[in-house]
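Single-structure report; data block below.
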Amino acid sequence: MNIIQVMSGSYPPKEGVGSHVFSISETLVNCGHSVQIVVRDYNIKKVTIIRDSGVEIVLIPIRKIPFISTFLFKKKVENYFINKIFDIVHFHSPLVPFINLNTRKNILTIHSTMKVDTTYIEAISINAMLNKIMGKFLSPIIEGTLLKNADQVIVVSHDIKDELREEYSYTKDNILYIPNGIDKDIFYNMNLNKKKQIVYIGRLGYRKGLPVLIQAINEISDYLRGSEYNIILSGEGHLKNYLLEQIDKNNLSDLITITSTKQVDVNKLLNESMFLIMNSTYETGPRTVLESMFSNTPVIATKVGLLRYFNDDDYIRIDAFDKDSVIEAIRRAINLDIKSYENFQTQHQIYINEFNIKKVTNYLIAAYEG
């Protein structure tokens, strides 16, 4: 099949959706299919083609203008592929418009609905409020058009199906659940010696619970120092400067490091960490939790997205979206005895089998061919 994947992420991938799209594309190529990924790029002046692991990435030059750039992207992609014929056009929402291309089938994967997602944005700045407003009033226009034109709708968690029913009154029976997949050749147990560190990996943005995490760390800073633990926040995003200011204001620079980790080094960072922490207020995957489990690193997390359907005994649960719950979970994790820690690692095998990228891609191929 001749397949094109359309997403809003960047290349090289820096976020969960981008990593997912590239992983399934590479696996599809290995199965004998032709795959292109089309993304927007704010730093180039003409369409650029990159080939990576058999996948062709098409970078579309675009100016960064909120909301408007989405429709400029649509027009440029339609013009660029005007004479092309595809078997499958696969859209990955959010922030992707419907693009009218010559294809046998339009597939839509909804990784999150912005209409719901943006309600969880922390109202800590004007930028945050603008994002909330756009999510409530503008994103539904884009998402509604995608849903109208999709032959098959894929959701990466069961919650999204409920959101479509409740927020969009979507009643078609073409919704299929296919979760994110993780490549076990990239994320695996390296049997490294663990350092006393708790790592966050992902976007330094809204809905990730990062302001609350900083508050929690500040309150138990002496306890963490006494336990010889430190925290690593790995990523980029809107809240980076805010987080740096809070770290400086509360004299936490000896405890918290903000860094950026190349995708090829994420597995090593997970392997050498005692825990991954994810205290998001909203998620649909989250992919980073699966990556951590594949790397055999126990997870401290809120019960969001796929974690709603995980066994509570398979991760250290943060019971609520507040500072005290984060503190309690961190303390519980640090005080685990060796046997309890190893029990968490043993349970990871369940998820390694269920979310293997090859298994997930086979589900996807069936949807393409159906």
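Pairs meeting the criteria (first residue in the range 22-44 and of a type in the set (Gly, Ala, Ser), second residue assigned to a loop (DSSP other than H, G, I, E, B), beta carbons under 6 Å, at least 6 apart or on different chains) are SER23/ASP183.
Looking across the range 222-236, the residues that are surrounded by fewer than 17 Cβ atoms within 10 Å (Cβ to Cβ) and either in contact (Cβ under 8 Å) with a residue 12 or more places away in the chain or assigned to a loop (DSSP other than H, G, I, E, B) (or both) come down to TYR223, ARG225, SER227, GLU228, GLU236.
No other residue among SER260, SER273 is out of contact with any helix residue (DSSP H, G or I) (no Cβ under 8 Å at 6 or more places or on another chain) and modelled with pLDDT under 95 apart from SER260. Looking at this structure, is GLU342 out of contact with any strand residue (DSSP E or B) (no Cβ under 9 Å at 6 or more places or on another chain), within 30 Å of ASN30 (Cα to Cα) and of a type in the set (D, E, K, R)? Against the criterion (out of contact with any strand residue (DSSP E or B) (no Cβ under 9 Å at 6 or more places or on another chain), within 30 Å of ASN30 (Cα to Cα) and of a type in the set (D, E, K, R)), GLU342 does not qualify.
Within the range 60-106, how many residues turn out to be on the phi > 0 side of the Ramachandran plot and more than 22 Å from the chain's Cα centre (by Cα)?
Number of matching residues: 0.
Quick one: which of LEU59, LEU72 is out of contact with any Cys (no Cβ under 8 Å at 6 or more places or on another chain) and either touching a residue at least 60 places away in the same chain (Cβ under 8 Å) or not in a strand (DSSP E or B) (or both)?
LEU72
Yes/no per residue for (1) outside the structural domain of GLU236 (by TED's automatic domain parsing); (2) more than 23 Å from ALA367 (Cβ to Cβ); (3) assigned to a strand (DSSP E or B):
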residue	(1), (2), (3)
GLY18	yes, no, no
ILE37	yes, no, yes
ILE82	yes, yes, no
ASN100	yes, no, no
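Table: residues versus (1) of a type outside the set (Ser, Thr, Tyr); (2) farther than 30 Å from GLU354 by Cβ.
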residue: GLU228; (1), (2): yes, yes
residue: ASN241; (1), (2): yes, yes
residue: THR261; (1), (2): no, no
residue: MET274; (1), (2): yes, no
residue: LYS303; (1), (2): yes, no
residue: TYR309; (1), (2): no, no
residue: ARG317; (1), (2): yes, no
residue: PHE321; (1), (2): yes, no
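The set of residues in the range 237-251 that are surrounded by fewer than 20 Cβ atoms within 10 Å (Cβ to Cβ) and in a loop (DSSP other than H, G, I, E, B) comprises GLY237, HIS238, ASN250, ASN251.
Please pick out the residue among ILE334, ILE365 that is assigned by TED's automatic domain parsing to the domain that holds VAL212 and either of a type in the set (Val, Ile, Thr) or surrounded by 13 or more Cβ atoms within 10 Å (Cβ to Cβ) (or both).
Answer to the selection: ILE334.
Filtering the range 2-23 to residues that are touching a Ser or Thr at 6+ places or on another chain (Cβ under 7 Å) and at pLDDT 95 or above leaves ASN2, ILE3, GLN5. Just so you know, in the range 76-96 the residues that are polar (S, T, N, Q) and without any contact (Cβ under 8 Å) to a residue 12 or more places away in the chain include one that is surrounded by the fewest Cβ atoms within 10 Å (Cβ to Cβ), and it is ASN83. When ILE126 is tested against (1) touching a residue at least 12 places away in the same chain (Cβ under 8 Å); (2) surrounded by fewer than 16 Cβ atoms within 10 Å (Cβ to Cβ), exactly one condition is not met: (1).
The values are calculated or read from the model by the stated rules, or taken from the named source; none is laboratory data. Every value quoted in this text rests on a predicted model; they were computed, and no experiment measured them. Positions of Cβ are generated from backbone atoms using ideal geometry, with glycine treated the same way; all protein chains shown enter the neighbour counts.
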